[in-house]
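One structure is given below, encoded as structure tokens.
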Amino acid sequence: MIVTGMMMLLYVNTLAAQASFQKHALQIQLSQMTAEEQTIASTVAAGESPGNLLITAQKMGMVPAETPVFLRLSDRKILGKPVVAVAPPVPVRAAAQ
Amino acid sequence: MKTPTSQQRPNAQGPQRPQNSKQTYVPSAPVMVPLESPKKRIRFVTFIFLIVMSIYMARLIEIQVVRGPELAASSQNSRLQTLALPALRGDFTDINGTPIATTVMARNVTVDPTLIKDPAGTAATLSPILGIPVKTIVAALTVDSRFSYVAKRVTPETWKTVAALAIPGVFSEPTTNRVYPNGSLAATVIGYVGAEGTGLGGLEFGLNKQLMGTDGKLTVERVNGREIPASERQSIAPVDGLSVRLTLDSDLQAMLETSLDAQVKATGAEGGVAVIMEPGTGNILAMATYPTFDPNNPFATDDKAKRNTTVTDVFEPGSTSKVMTMASVIEEGGANPGTKYTIENRLSRGGTSFKDYKDHKTEHFTLAGVLAKSSNIGTILASESIGEKKLYSYLQKFGIGQTTGMNFPGESTGKLPDINNENEWSDTTFPTLAFGQGLSVNAVQATSVFATIANDGVRMPPRLIAGYSNSQGAYEPSQLADGVRVVSAATAKTVREMLETVVSEDGTGKNMQIPGYRVGGKTGTANRYNEATGGYSGYTSSFIGIAPAEKPALVMSVSIHNPKTSTYGSVVAGPVFKKVMTYALAHRKIPPSTTKPPKLPVEW
């Protein structure tokens, strides 16, 4: 009985120690992955930023539309006059970031 | 083995043994032994044994009982580690949740200088990775201590590279870093943080307490960095700071900033401010300043450029202020848009001769015409129909000279001369105030005046913070303040129609027409008061407008200080208004106007 009990206790302790090692390794992995996630998130946020989007869009030759046209569903009326947008003569704020 | 030998042996051995023992046990020389009796010997050994045991016991008692708790504590201390669990600083997002300021994990690179054998070589290796000059690193590596910082707040990737070198004595500790993913977007509004992560400017400073949160701590028993299972531990969880959701719309903000930036440069101006407000709520959708700075690198810019000048700086509004005079006069029944005025080239009041922006022949303007042509003399004449006390009380109701209630750090309330103070109120004060000089406002107050007219006469206190969310993500919107009724809805509507006349072919603001939308607004050119010299020098050119005029959704003000190319509000500030308002109307999905603006006669 006693021997069995002692053996069991030893076994449980070993398991606990092993779990502790595992926990430590996982914690390191977790913090690394959190850091990685944050880095990716800030890259996305920077890419999404209006300033960068504007610059990217202009580089692709896109021009901001200045005369929006709305379709009113209730009476199917078109509000506003569509006009072809022209590229602004001066590029807006040359790459600020 | 042979049988005979085995038989012989017992015989041979038997007689020999006694012989041998007799030989050794020869008491030839008797020795004096003190404990020769066994009794004495036993006593002696027992005595020694007891002494030794009592020494052991004494030591045991000392360790276990006398110094017990102390020793246990010190042994535990060698294993116990208290780790600070830093609370994350709250984020700033715009109204749609786009992050403007956020906190990410970072590492401080630390060193135990006693373990560094070759400081110069180590520094040379670290320098290119950390981007720090070799000299600085050598200084950190040769400190006479067992701890010093090599680099603070490096990215986790940079630390990974350093850690891979496995330089003995180089360690790291976890920390956080404040980043602004949108760069300088809304920089003067958000502000910046110092090296220790506390806010030093803007809302980072003003809301520092809410953003900070409370650090936690974790006490664990550890061996070689690993927790001892089931060991005693104590943990206080950190409470992260509150995240702030602003009323700003980052798309509008970016558009306003770029346009203002371009126009200030194009006109050779000293600086500028612009604000977009939603009249129904008082929400500030964008507030831009020139100059501005990069909050990711705040110490590269002069402190002057870091102020949110839309609230910290005041200027005399000039003609845009005439809208308050008009609203008061109409509300009090002193005049209506058709009231006729004869406007001479000069008007004498309080011993001073007042004039209009340009010399002119005698004009015949209606009240609408006075505003459309921005006549100072006409405005003075109109204000006299209600008197100085009433005008004063309306200026107060519009919020002039009072805090906006935004609680923005460093806000300047501007100045409205006190009618009861003889030193502030002279004979020329009343006519001067009527056309917008002699009082000062910040850009938010100036915008708020037009927002009041746009919101049918109810002034909504300007609002910059939409709400807070806690670390669990629960969002609590901040309360909308109660509006203040300044003028009636009917008066506000009439004033809006007069503002549309300003933007008509007959007015000073005709360049600000936006195809498809009814726009009302007012141009302004004011003498700029220079605090350094105590006199006027240069001008502030401005335009404040409302769109769509029949059902206002947006109010925008643009003020540009000391432009060199022109001083007209319509030429200097107008283009920014037109460009950004056109974009804003489409961006906010505001349908074009379906009605035509009324044609108010401007002359008679």
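Observations on the model:
- 0 to 90° range, to nearest 10: angle between helix B:68-79 axis and chain B longest Cα axis: 60
- When you restrict to C-alpha pairs under 8 Å that are six or more residues apart and normalise by the size of chain A, the relative contact order lands at 19 percent.
- Cα-based helix-to-principal-axis angle, A:50-59 vs chain A, degrees rounded to 10: 60
- Cα gyration tensor category, rounded, prolate or oblate, for the protein assembly as shown with a/c compared to 1.5: prolate
- Looking at segment B:325-364, the chymotrypsin sites (Phe, Trp or Tyr not before Pro) that sit in a DSSP loop and have at most 16 other Cβ atoms within 10 Å of their own Cβ are B:Y357.
- Between segment B:430-490 and segment B:68-132, the Cα center-to-center distance that results, in Å: 45
- Residues in segment B:581-604 that a label on A:K81 would reach, taking backbone N under 17 Å of a point 7 Å out along Cα→Cβ: B:592-597
- B:A195 versus B:A532: modelled label distance in nm, points set 7 Å from Cα along the beta carbon direction: 3.1
- Other-chain or far-sequence residues with amide H under 5 Å of B:G272's (modelled H): B:Y290, B:H561
- Cα gyration tensor shape for segment B:454-513, rounded if a/c is under 1.5, else prolate or oblate: oblate
- Whole-angstrom Cα spans of segment B:403-451 along principal axes, big to small: 35, 21, 13
- Structure note, pairs B:K265/B:K522; B:K322/B:K390; B:K322/B:K397; B:K493/B:K522; B:K510/B:K596: Cα-Cα distances above 19 angstrom occur for B:K265/B:K522.
- For chain A: rounded, prolate or oblate by the Cα gyration tensor [a/c cutoff 1.5]: oblate
- The mean sequence separation of alpha-carbon pairs under 8 Å and at least six residues apart, normalised by the residue count of chain B, gives a relative contact order of 13 percent.
- Principal-axis analysis of the Cα atoms of chain A puts helix A:2-48 at an angle of about 10° to the longest axis.
- Total formal charge among the other residues, if their Cβ is under 13 angstrom from that of B:M287, Lys/Arg +1 and Asp/Glu -1: -4
- Bridge type composition, the protein assembly as shown - antiparallel percent by DSSP, nearest 5: 95
- Proximal lysines to B:K152, defined as alpha-carbon separation beneath 25 angstrom and excluding residues fewer than eight positions away on the same chain: B:K117, B:K135, B:K160, B:K209, B:K217, B:K306
- In nm, spacing of pseudo-spin labels at B:D118 and A:A41 (7 Å Cα→C-beta vector): 4.2
- Gaussian network model of chain A, Cα within-10 Å springs - most flexible of A:I40, A:I28, A:I78: A:I78
- Rg over Rh, two decimals, segment A:2-48 (C-alpha only, Kirkwood Rh): 1.49
- Ascending count of other beta-carbon atoms within 10 Å, so fewest first, for B:L391, B:L600: B:L600, B:L391
- The magnitude of the dipole of chain A, with charges of +1 and -1 set on the Cβ of Lys/Arg and Asp/Glu and taken from the Cα centre, is near 460 debye.
- Rounded FRET efficiency, nearest 0.05, which uses the C-beta distance separating B:A300 from B:T565 and R0 of 41 Å: 0.90
- Other residues whose C-beta falls under 9 angstrom from the C-beta of B:N470 contribute a net charge of -2, scoring Lys and Arg +1 and Asp and Glu -1.
- Projected-area mean, chain B, by convex hull of Cα positions, square nanometres: 55.0
- Label-reachable residues, segment B:132-149, where backbone N falls under 17 Å from a point 7 Å from B:E173's Cα toward its Cβ: B:140-141, B:143-149
- Taken along the Cα-to-beta-carbon direction at a fixed 7 Å, the label points for B:S37 and A:L71 span 12.8 nm.
- Peptides B:510-523, B:110-123, B:50-63, B:313-326, ordered by how many other C-beta atoms sit within 10 Å of their residues on average, highest first, read B:313-326, B:510-523, B:110-123, B:50-63.
We did not get these values from a lab; they are worked out from the coordinates using the rules stated. The model shown is predicted, which means the values in this text are computed figures rather than measured ones. Cβ sites come from the backbone with ideal geometry, for glycine too, and all protein chains shown count toward neighbours.
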